[in-house]
1. Do we find that residue 234 is in a loop (DSSP other than H, G, I, E, B), out of contact with any strand residue (DSSP E or B) (no Cβ under 6 Å at 6 or more places or on another chain) and surrounded by 14 or more Cβ atoms within 10 Å (Cβ to Cβ) in this structure?
2. Which of the residues that make up region 145-177 are crowded, with 17+ Cβ neighbours inside 10 Å and either outside the structural domain of residue 120 (by TED's automatic domain parsing) or in a loop (DSSP other than H, G, I, E, B) (or both)?
3. Assigned to a loop (DSSP other than H, G, I, E, B) and farther than 25 Å from residue 29 by Cα: does that describe residue 272?
4. Given the criterion over 30 Å from residue 99 (Cα atoms), charged (D, E, K, R) and surrounded by fewer than 16 Cβ atoms within 10 Å (Cβ to Cβ), identify the matching residue among 257, 262, 245.
5. Hand me the list of strands (runs of 3 or more DSSP E) wholly inside region 17-133 holding 3 or more residues that are more than 23 Å from residue 240 (Cα to Cα) and either modelled with pLDDT of 95 or more or not assigned by TED's automatic domain parsing to the domain that holds residue 219 (or both).
6. Among the residues of region 86-100, are any on the phi > 0 side of the Ramachandran plot and small (Gly, Ala, Ser)?
7. What number of residues in region 101-124 are surrounded by fewer than 18 Cβ atoms within 10 Å (Cβ to Cβ) and more than 27 Å from residue 281 (Cα to Cα)?
8. Give just the number: which of (1) over 26 Å from residue 249 (Cβ atoms); (2) of a type in the set (A, V, I, L, M, F, W, C); (3) surrounded by 19 or more Cβ atoms within 10 Å (Cβ to Cβ) does residue 215 not satisfy?
Amino acid sequence: MAKPQPQPAQQIRYFQTDLRYQYRIELLELALRKSQAAEIAAPETIDTETTATESAANGLPLQPLTTAVTQSRGIAMLEQGEVDVAFLPTSRELEQRLLAVRIPIMQGLLGYRVLLIHSRNQAKFAKLETLEQLQRRFVAGFGADWTDLAILTHNRLQVQRVTQYQNLFPMLNAGRFDYVPRGINEVWDEMAVMGPQYPGLLVDSQLALHYDYPIYFFVNKANRQLANRIEKGLRLALADGSFKRLFLSYHGQLVTRLRNRRVFELTNPTLPADMPAIDTSWWQPPAH
């Protein structure tokens, strides 16, 4: 049976609606505005083969999915044409299933992970000096369908898989595992929301994990026109500085929270061999 193809949409549909994705949604909106403005200014540059499909992005609003779905389900929906775009960590397997816009939208920042822990374990984490000690002595809680789960297991970290994101916090609080690796762009916002409910949780101040982890926009493989529109808009935003300004408005202060940490390097076995290099010049990663 042939796989359903994405239909021309009146809006661009996406499934990742959590607050922690606000920057990525705003960047998508910026890219679409940039590409639309360029086409209005120079309409002869529009790809005339696909104006019907492209109309989904032609200045019309983004449409979030109204029901929560897991990442794996959202990817399947994107393959089936039930949503139009997602922002995901790349991998060989994902780039076989979907069409990637190969411009890193997080500029490598999400590859740095700090550890959400319980205060009762703070002294134990303060004594950690090597990756081997972390591997042997501690168990991480991690989303069961998160793409970088394979990175943690490949690097021999002990992991307890958690199906629902919201359950990570009460389970960590109850001692079901010892830590949760979180992106530095995520963890403090999460603590602002979850901290009052779980006052024993805190962000460890000593350690960080790092692995190459580029985030791209992805579309259905049949929807090259939307991919072209997003890529065009991102390149225009790179050229005029608006991409960088948006990135720094969300993340410019976060790098200071990486300073003076012991960084454990992990390898990412899932990356495509021809993955473009990630430019981290917008921010200053710690020396390690």
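1. Values: in a loop (DSSP other than H, G, I, E, B): no; out of contact with any strand residue (DSSP E or B) (no Cβ under 6 Å at 6 or more places or on another chain): yes; surrounded by 14 or more Cβ atoms within 10 Å (Cβ to Cβ): yes.
Considered against the rule, which asks whether it is in a loop (DSSP other than H, G, I, E, B), out of contact with any strand residue (DSSP E or B) (no Cβ under 6 Å at 6 or more places or on another chain) and surrounded by 14 or more Cβ atoms within 10 Å (Cβ to Cβ), residue 234 comes out as no.
2. 146, 147, 148, 155, 157, 177
3. Numbers: assigned to a loop (DSSP other than H, G, I, E, B): yes; farther than 25 Å from residue 29 by Cα: yes.
Against the criterion (assigned to a loop (DSSP other than H, G, I, E, B) and farther than 25 Å from residue 29 by Cα), residue 272 qualifies.
4. Details: 257 fails: surrounded by fewer than 16 Cβ atoms within 10 Å (Cβ to Cβ); 245 fails: over 30 Å from residue 99 (Cα atoms).
Checking each option against the conditions leaves just 262.
5. On the way: elements: 62-64, 86-89, 99-101, 112-118.
Correct list: 112-118.
6. First pass over region 86-100, keeping only residues on the phi > 0 side of the Ramachandran plot: none.
There is no residue in region 86-100 that is on the phi > 0 side of the Ramachandran plot and small (Gly, Ala, Ser).
7. Within region 101-124, the subset surrounded by fewer than 18 Cβ atoms within 10 Å (Cβ to Cβ) is 102, 119-120, 122-124.
Add one more test, that the residue is more than 27 Å from residue 281 (Cα to Cα), and what stays is 119-120, 122-124.
Looking only at that region, the number is 5.
8. (1)
The values are calculated or read from the model by the stated rules, or taken from the named source; none is laboratory data. Keep in mind the model is a prediction, meaning the values are calculated, not measured. Backbone-built Cβ (ideal geometry, glycine too); neighbour counts: all protein chains shown.
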